[in-house]
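Each remark here refers to the structure printed beneath this line.
The values are calculated or read from the model by the stated rules, or taken from the named source; none is laboratory data. Every value quoted in this text rests on a predicted model; they were computed, and no experiment measured them. Every residue, glycine among them, receives a Cβ derived from its backbone with ideal geometry; neighbour counts consider all protein chains shown.
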Amino acid sequence: MSAEERLQALELELPSPPEPVANYVTNMKIDRYLYVSGHGPAPLEGARLTGKLGDDLDVEQGYVAARQTGLSILSTVRASLGSLDRVERVVKLLGMVNATPDFLEHPRVINGCSDLFVEVFGEEHGRASRSAVGFSSLPGAIATEIEAIFLIAE
């Protein structure tokens, strides 16, 4: 099953790709790689997507924010490549979590994005090398920001 077919089977609708909020581009293709700038969570009715993990948000809410961030990234990938089926594999994720100094569950939060990518691209192609780290703040008080690198199929 292709990535686009999996997305449809999961009944997931991608949001509109986000526009840059400063002096940068949301993605850049170099050779067979697509580098995607840091993205925040796509809106989700009823979900709390801003605030600090360990204070305002719990791990489950952070997981939802990271999943929504993954959907935002996928919308940029589709807009850039024309189809998610052009992705050969997810190479690298950098997950940033807006967290209190004593919060220790960054990896569990960023699993929201990692799990989504495995669902969409499959275990072999969706599982990436990854970092999940805490920050004292993120733009707009978003709970998560994630950047990604994808290998594009020839």
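Can you name the residue in region 48-63 that is small (Gly, Ala, Ser) and assigned to a loop (DSSP other than H, G, I, E, B) and is also nearest to ILE142 (Cα to Cα) among such residues?
Applying the first criterion (small (Gly, Ala, Ser)) to region 48-63 yields 51, 54, 62.
Filter once more, keeping what is assigned to a loop (DSSP other than H, G, I, E, B): 51, 54.
Working: GLY51: 6, GLY54: 14 Å.
This residue is GLY51.
Residue count for region 10-47 satisfying the condition of being without any contact (Cβ under 8 Å) to a residue 24 or more places away in the chain and either more than 19 Å from ARG86 (Cβ to Cβ) or part of a loop (DSSP other than H, G, I, E, B) (or both): 12.
In region 73-92, how many are out of contact with any Pro (no Cβ under 7 Å at 6 or more places or on another chain) and closer than 21 Å to PRO43 by Cα?
Quick first cut of region 73-92, residues out of contact with any Pro (no Cβ under 7 Å at 6 or more places or on another chain) only: 73-74, 77-78, 80-92.
Still in the list and also closer than 21 Å to PRO43 by Cα: 73-74, 77-78, 80, 84.
Matching residues across region 73-92 total 6.
Within region 120-154, the set of residues being part of a helix (DSSP H, G or I), over 13 Å from the mean Cα position of the chain (by Cα) and closer than 24 Å to ALA47 by Cα comprises PRO139, GLY140, ALA141.
Tell me whether region 64-85 contains one or more residues that are hydroxyl-bearing (Ser, Thr, Tyr), in a loop (DSSP other than H, G, I, E, B) and buried (at least 16 other Cβ atoms within 10 Å of the Cβ). Quick ask: steps written out before the conclusion?
Taking region 64-85 and keeping what is hydroxyl-bearing (Ser, Thr, Tyr), we get 69, 72, 75-76, 80, 83.
Going one step further and asking which of them are in a loop (DSSP other than H, G, I, E, B), we end up with 83.
This time we only want the ones that are buried (at least 16 other Cβ atoms within 10 Å of the Cβ), so: none.
Scanning region 64-85, I find no residue that is hydroxyl-bearing (Ser, Thr, Tyr), in a loop (DSSP other than H, G, I, E, B) and buried (at least 16 other Cβ atoms within 10 Å of the Cβ), so the answer is no.
Of the listed requirements (1) within 13 Å of the chain's Cα centre (by Cα); (2) under 16 Å from ALA132 (Cβ atoms), TYR35 misses just one: (2). Consider GLY54 carefully, then state whether it is small (Gly, Ala, Ser), surrounded by 17 or more Cβ atoms within 10 Å (Cβ to Cβ) and on the phi > 0 side of the Ramachandran plot. In short, yes. Between a residue in region 101-116 that is among the aromatic types (Phe, Trp, Tyr) and any residue that is outside any loop (DSSP other than H, G, I, E, B), which pairs come within a Cβ distance under 8 Å, given they are 6 or more apart or on different chains? Final answer for the pair search is PHE103/LEU53; PHE103/VAL97; PHE103/GLY134.
Listed here are the residues, each with its yes/no results for (1) within 16 Å of ALA148 (Cβ to Cβ); (2) surrounded by fewer than 20 Cβ atoms within 10 Å (Cβ to Cβ); (3) touching a strand residue (DSSP E or B) at 6+ places or on another chain (Cβ under 9 Å); (4) modelled with pLDDT of 95 or more.
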| site | (1), (2), (3), (4) |
| --- | --- |
| ALA99 | no, no, yes, yes |
| ASP102 | no, yes, no, yes |
| GLU105 | no, yes, yes, yes |
| GLY112 | yes, no, yes, yes |
| PHE117 | yes, no, yes, yes |
| GLU124 | no, yes, yes, yes |
| SER131 | yes, yes, yes, yes |
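Cβ-Cβ distances below 6 Å connect the following pairs, each with a first residue in region 136-152 that is touching a residue at least 60 places away in the same chain (Cβ under 8 Å), a second residue that is surrounded by fewer than 20 Cβ atoms within 10 Å (Cβ to Cβ) and among the acidic types (Asp, Glu), and a separation of six or more residues or different chains: LEU151/GLU88.
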